[in-house]
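One structure is given here, and the rest of the page talks about it.
The values are calculated or read from the model by the stated rules, or taken from the named source; none is laboratory data. Remember, it's a predicted structure, so these values are computed and weren't measured experimentally. Cβ placement follows ideal geometry from the backbone for every residue including glycine, while neighbour counts extend to all protein chains displayed. Note: accessible area is taken over every heavy atom of the protein model, side chains too, but ligands, DNA and RNA are not part of it. Shrake-Rupley method; radii C 1.70, N 1.55, O 1.52, S 1.80 Å.
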Amino acid sequence: MAEFTLVTLPGCRPCHAVKEYLDRLTYEDDIQYGFTFKIIDASRADDFVRQNDIQSAPTLISPTGKTLVGNPGRDKLRDWICQELIAFEEIGE
């Protein structure tokens, strides 16, 4: 199953909003979208932030390695996730 990574910061409202969107998408559309996500607190993960060149939060990293920065809103987030899930399937992971 595809796993996305959400990089957040404490007290970050856009981070919280993206997390809520992801929660809803995985719950409401779990059959269609079949993905999971983990959360990384950037303030406690300096090495991860450096290795992945994270510049701001929220940053969502797809299983293909592409990133989405900021809060695009639920519909654009859903579209981006769908595109990344298709790409993930195509590379055969």
Potential extension, THR67-CYS82 segment - 0.36 nm per residue separation minus Cα distance
4.0 nm
Under a point-charge model restricted to the Cβ atoms of Lys and Arg (+1) and Asp and Glu (-1), what is the dipole moment magnitude of the chain relative to its Cα centre, in debye to the nearest 20?
400 debye
For the chain, the longest principal axis of the Cα atoms and the Cα long axis of helix 13-28 enclose an angle in degrees, to the nearest 10, of 20 degrees
Ignoring everything but the protein chains, give the 1.4 Å probe accessible area of LYS19 in square angstrom, nearest 10.
60 Å²
Estimated 222 nm signal from helices in the chain, with DSSP H stretches of n ≥ 4 weighted -39500 (n - 2.57), rounded to 500:
-14000 deg cm²/dmol
Net length gained if the chain between ILE91 and ARG13 were fully extended (0.36 nm per residue, minus Cα distance):
24.7 nm
Strictly under 4.7 angstrom between C-beta atoms: which cysteines of the chain have no such partner?
CYS82
Here the FRET efficiency for ILE39 versus ASP75, based on Cβ atoms and R0 = 25 Å and rounded to 0.05, is 0.70
Nearest 0.05, what FRET efficiency do THR26 and ASP46 give at R0 = 25 Å with Cβ-Cβ as r?
0.35
Taking every DSSP beta bridge with both residues inside the chain, roughly what % is antiparallel (nearest 5)?
45 percent
